[in-house]
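Worksheet: one structure, shown below.
Please treat every number below as a calculation from the coordinates, not as lab data. A quick note: this is a predicted structure, and the numbers were derived from the prediction, not measured. Heads up, the Cβs are rebuilt from the backbone with ideal geometry, glycines too, and the neighbour counts pull from every protein chain shown.
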C-alpha cells in the first residue's frame with residue numbers, strides 16, 4: 001500500500017495559525033518595547049533575531065540548489081521543506097524593512113561625525129552609505145526571490161512533463177544560482193554584519209556567514225524531518241540511511257564552520273594588529289568570553305563527537321536533539337558576532353531580543369508552513385522516476 | 001506562487017513506458033562496454049609486463065634524465081656556494097624557492113582528494129584515475145620537499161628541524177607555521193605513500209602471478225606481501241584502505257591550510273588575509289586536477305587507455321576544475337574588494353600595486369589563466385574535448401604558478417616603507433632548480449608507468465556489470 005505522503009498527513013498545517021498568532025503577539029510586545037525601551041534598544045535587538053531566521057531561509061535556497069546540482073537521495077527527503085523555506089524569502093524581504101528604518105541606530109557609519117572625520121571610515125563612504133545599502137538590500141532580495149521562483153516553476157514543469165530537458169534547465173539555474181548566492185551572501189554579510197564595526201575587515205568573514213547559512217538550513221530541515229518521522233506521511237519512507245546522510249552533511253558543515261572561524265581567529269590572534277584584534281578582544285571578555293567558550297563546546301565539540309556516532313545519526317529522536325543543540329548555538333553564535341559591535345566588552349541582552357526572535361520566527365514559520373502545504377511532503381514523482389528507471393519500468397531509448 | 005491542490009499525488013503511470021532522451025543527456029560510462037575481467041587484467045598488466053619497452057618511453061625517460069642532470073647541477077652549485085645564487089634578497093626574502101614549493105605541494109592535492117574523499121563519497125568514477133593521481137601526489141611532494149630543505153641554506157643540518165633530544169639545547173620554534181609545515185608535509189608524504197602502497201598490494205600479486213620473468217616475479221612477489229586473495233585478506237584490505245582514506249581526508253585540508261599560514265600569519269598586506277586557508281586549499285585542488293588532466297590526456301592516448309579513462313572521467317575532472325577555479329576567482333575578487341573596503345592605506349596600496357604595479361603583467365596573466373580560462377568548462381562541448389581540456393589545464397598550471405608569484409614576491413617587494421622597496425627576479429639557478437624539479441617528477445612518473453600498473457586492475461573489475469550481479473556494492 002502506498003503511504004499517504006501529503007503534507008496534510010504530517011499534521012504540520014495545524015501549527016500554521018498558532019505560529020502567526022504567536023508571531024503577532026510577540027511582535028506587539030516588541031513594538032511596546034520600542035516605546036518603553038526606545039528605538040535604539042528595539043532595532044539593535046531586532047537585527048540578530050532577524051539574521052537568525054534569515055540564515056535558515058537563505059541557507060535553504062543555497063542547499064536546495066546544491067542538491068539540484070549534485071543530486072543524491074538525501075536531498076529528496078528535504079527538498080520540500082527547503083523549497084518552502086526558500087520561497088519564504090519574500091517574507092524575509094518584508095521583515096527587513098525595520099532594519100532599513102532603524103539604520104541610524106544599528107549602523108555606526110550612519111553617524112555623520114564618524115563618516116566624515118574618522119580617517120578610516122571616511123575612505124569607505126562610497127560603500128557605507130544609506131542609498132547604496134538600501135539599493136543593494138532590495139537587489140539581494142529580488143535576486144533571491146527570482147531564483148526561488150524559477151526553481152519552483154521548473155519543478156512544477158518537471159512534475160508535468162518529466163523531461164530531461166526540464167531537469168537540465170533546473171540544474172543550470174541551480175548551478176548559476178550557487179554562484180549568485182555565494183556573491184550575494186558575501187556582500188550581504190559585509191553590509192549587514194561586518195559593517196557594524198566599520199573599521200574592521202576580515203576576508204574570512206563572508207565565508208563564515210556563508211557556511212553558517214548552510215549549517216542553519218541543514219540543522220533546521222533535519223530537525224524538521226526528525227519531527228515528521230513518526231507521522232503517517234513519513235512512516236516507511238524515511239529510512240535511517242536518509243537521516244545518516246543528513247547527519248554526515250551536518251557534521252561536514254559543523255567542521256567547515258569550525259575550520260573557517262578557527263582559521264580567522266588564529267590568524268588575527270597571531271598577527272595581533274591594532275586594527276583587527278579589538279574584534280576578538282571584546283568578544284573574549286566577560287560574558288562574551290563565556291559565549292565564545294559555549295560556541296567552542298556546543299557549536300563544535302559536542303555535535304562533532306555526537307555526529308560521529310552512527311546510532312545517533314540513524315535515530316530520528318537523537319538526531320533531532322543534536323540538530324536542536326546546534327540550532328540554539330546558531331543563535332548564540334550570531335548574537336555573539338553582532339551584539340558586541342555595539343556594546344563592547346559589556347554584556348547586553350534585553351527582553352526585546354527574545355520577543356523579536358519569537359516574533360520574526362512566528363511570522364516566518366507561518367509563511368514556511370503556508371508554502372509547504374498543499375503538496376506531497378517528498379517529491380514523490382521524482383523518486384518515482386528514478387526508481388522506475390532503476391527497475392526498468394521506464395526504458396530510455398529502448 | 002502556484003500550488004498544486006491539496007490532494008496527495010500518487011499517479012499511476014503505465015507500467016512500462018519508453019522515454020526518448022536526446023543522446024547528450026545520456027550518462028557516459030566509467031568503463032567502455034565489451035570488457036571482461038580477463039580483458040581488463042590483460043590490458044593493464046601488459047603495459048607493465050611486456051618485454052619490449054616502447055621507444056616513446058625511452059624518449060620521455062631520456063628527457064627527464066637530462067632535466068635531472070640540470071637539477072643535480074643546480075643543487076650542487078647551491079651546496080657549494082649557498083642561497084646567494086638565487087634571486088632572493090631584501091626585500092623579497094622568499095622567491096621562486098617558495099613559489100615552486102607551494103606550486104608542487106598544491107598539485108599533489110588532487111591525488112589525495114581523488115583517492116580518499118571521492119572514495120568516502122562513493123564516487124565510482126575515481127576508480128581508474130586514483131592510482132595514477134596518488135602516484136602524482138607522491139612525486140609532487142618529493143619535488144616540493146626539495147625547496148624548503150634547500151632553502152635552509154645548510155641542508156645537511158635539516159634534521160635540526162625535528163625535535164630530538166640533543167646536547168646543543170636546540171629545540172624547534174613550535175610557534176612558527178614553518179615548523180608546522182615540517183610535520184604537515186612529512187605526515188602527508190607518509191600517509192599518501194602508505195595509502196598508495198596498500199592499494200597496490202592486490203595488483204602486485206596479479207603481476208607476480210602473471211610475470212614470466214623470474215626476477216620480476218620475485219620483486220613483485222615481495223611487494224605483494226604474500227597476498228593470496230582469500231576472503232580474510234580482502235576483509236583486512238578493505239578495512240585498512242577505508243581507515244587510510246579516513247586518515248588522508250583531513251590531510252587534504254591541513255597541508256595547504258598550514259602552507260597558507262606561512263603567509264597569512266605575517267603582517268604584510270597581500271599575505272595577511274584571513275581567508276587564505278580555504279582559498280589555498282581550493283587552489284591546490286584546482287592545480288591538482290589540472291595536472292592530472294595534463295598527464296592523463298597524453299597517457300590515455302599513448303597507452304591506449306581510452307576504454308578505462310573515459311570521457312566521463314575527463315568531463316568530471318573538468319567540472320571539478322571549474323568549481324575550484326570559481327572559488328579561486330572569488331578569492332581574487334574579494335581580495336581586491338576587501339583590500340579597498342578595509343580603508344587601510346597599505347591594503348589599498350597592495351590592491352593598486354597588484355593591478356598597476358611593476359608586476360602588472362603577471363597579474364593580468366593570472367586573471368586570464370585562472371579566472372577566465374576555466375570558464376570554458378561551463379560548455380559541455382569543451383568539457384568533452386580532450387584538446388580543450390588539455391589547453392585549459394595548461395592555462396591553469398601556468399596560472400597557479402603565477403598566483404604564487406603574485407602573492408609571494410608580489411607582496412614582499414613593496415611593503416610599508418617605500419625606501420625599502422625593491423624588485424625580485426629569479427636567476428638562472430632558480431629556473432634551473434624549477435626545470436630540474438620537473439625532471440625529477442617526470443623521472444619518477446616514467447618509472448612508475450613502466451613498472452607498476454597505472455590503473456588499479458582489481459578496482460576496475462568492480463566496475464563491470466557482472467561485479468554487481470548480486471546487487472551488492474564493492
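Per-structure values
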{"item": "On Cα atoms only, tilt of B:55-81 relative to the major axis of chain B in degrees", "result": "30 degrees"}
{"item": "Chain B, Rg to Rh (Cα coordinates; Rh as Kirkwood inverse mean 1/r)", "result": "1.01"}
{"item": "Top of A:378, A:332, A:297 by mean-square fluctuation, Gaussian network on chain A, Cα under 10 Å", "result": "A:297"}
{"item": "Percentage relative contact order, chain B, counting C-alpha pairs under 8 Å, at least six apart", "result": "31 percent"}
{"item": "Cα centroid separation, region A:295-341 to region B:373-396 (Å)", "result": "41 Å"}
{"item": "Gaussian network model of chain A, springs between alpha carbon atoms under 10 Å - residue of A:175, A:126, A:230 with greatest fluctuation", "result": "A:126"}
{"item": "Chain A: angle of helix A:240-271 to the longest principal axis, Cα-based, in degrees nearest 10", "result": "20 degrees"}
{"item": "Value of Rg/Rh across region A:103-160 [Cα atoms, Kirkwood radius]", "result": "1.34"}
{"item": "Alpha-carbon gyration tensor eigenvalues x 5, square-rooted, for region B:285-420, Å", "result": "36, 14, 10"}
{"item": "Pair-distance profile P(r), taking every C-alpha pair of chain A, with 20 angstrom steps and integer %", "result": "26, 57, 16, 1"}
{"item": "Estimated Rh, region B:202-315: Kirkwood, alpha-carbon pairs, angstrom", "result": "18.2 Å"}
{"item": "Helix-only CD estimate at 222 nm, as mean residue ellipticity for the protein assembly as shown, using -39500 (n - 2.57) per DSSP H run (n ≥ 4)", "result": "-23000 deg cm²/dmol"}
{"item": "Length-normalised contact order for region B:127-192 - Cα pairs under 8 Å, 6+ apart - percent", "result": "32 percent"}
{"item": "Calculated log₁₀ intensity ratio I(q)/I(0) where the Debye formula runs over C-alpha points of region B:351-426, q = 0.21, 0.22, 0.24 Å⁻¹", "result": "-0.86, -0.91, -1.01"}
{"item": "Neighbour-count order for A:299, B:256, A:285, B:425, fewest beta carbons within 10 angstrom listed first", "result": "B:425, A:285, A:299, B:256"}
{"item": "Residue exposure sequence - A:53, B:378, A:90 - by fewest surrounding Cβ within 10 Å", "result": "B:378, A:90, A:53"}
{"item": "Residue order, fewest to most beta carbons within 10 Å, for A:312, A:377", "result": "A:312, A:377"}
{"item": "Computed over region A:7-397: relative contact order in percent, which uses C-alpha pairs under 8 Å that are six or more apart", "result": "34 percent"}
{"item": "Rule-of-thumb Rg ratio for region A:1-138 [Cα; 2.2 N^0.38 Å; N residues]", "result": "1.41"}
{"item": "Ratio of Rg to Rh over the protein assembly as shown (Cα coordinates, Kirkwood Rh, two decimals)", "result": "0.98"}
{"item": "Degrees between helix B:311-341 axis and first principal axis of chain B (Cα, 0 to 90, nearest 10)", "result": "30 degrees"}
